[in-house]
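Student: Mind looking over this structure? Questions follow.
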Amino acid sequence: QLGENELRMKVTRHDPATDGAEFTGYDFGTKITYRPVGPLNVSLYTHYGIRESTAILNRTSSIPSPRISATDNERWQIILAPSLKLDANSELKLTSHIQLFDRDSKVRRQDNKLLIRNQSSTFRDQLYETELLYKRQVGDLLQLIVGGEYEQRRGIGEQLRKDRLDIDEYAFFGQAEINPFSWLTIVPGARVTNLENINARFTPAA
């Protein structure tokens, strides 16, 4: 059974005469939910967006000619979230998230001649994230949630040290939702996060 099936497209424009910098944005998104016979449920979300902007920068004493800054931002995003109903009171859910972000910017004189080399730059940000979540309802008053996640982030760009940035993060968490009365919910929880080259930290919450 195919559940939700949605396709969206959005175009946004700004006019420099009224909104400042010239700006055009295109967004395309889809969401599909698949429910086969049984306890399995799968949802898929995809998004693609691009932002193109152009602005005239202020003149300086060293660069008296008008300067034009052109920036292109491009983003891909995919979220896959299958869930499995183990029984009437418990559920297992896996969420995988991939995001790619590219930024390309250039500054040139109004006569289309480039200024200096370090005013043209490219940056790419890559994010990969996976979360596994287990949820169980215990009676009418208590719900327990435990899980873990892994996040990997990669940055590549001319302005970064060694032209690259690598970050890996692991986390484990637990949470309880207690409903002693219809008008009161108590939510204690805790999280342990281990970031690369940094000691693990414990974070309680309520």
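The values are calculated or read from the model by the stated rules, or taken from the named source; none is laboratory data. Because the structure is a prediction, the values reported are computed rather than measured. Ideal geometry is used to build each Cβ from the backbone, glycine not excepted, and the neighbour counts take in all protein chains shown. Note: areas computed on protein heavy atoms with side chains; ligands, DNA, RNA excluded. Shrake-Rupley method; radii C 1.70, N 1.55, O 1.52, S 1.80 Å.
Student: Evaluate the distance, in nm, between pseudo-label points positioned 7 Å from the Cα of Arg201 and of Gln99 along their respective Cα→Cβ axes.
Tutor: Each label point lies 7 Å from its Cα, and together they span 1.9 nm.
Student: On to the next question. What accessible surface, in Å², does a 1.4 Å probe find on Lys93, ignoring ligands, DNA and RNA and rounding to the nearest 10?
Tutor: 80
Student: At a Förster distance of 25 Å, what's the computed FRET efficiency of Gln126 paired with Met9, Cβ-Cβ distance as r, to 0.05?
Tutor: Taking R0 as 25 Å, the efficiency between Gln126 and Met9 is 0.50.
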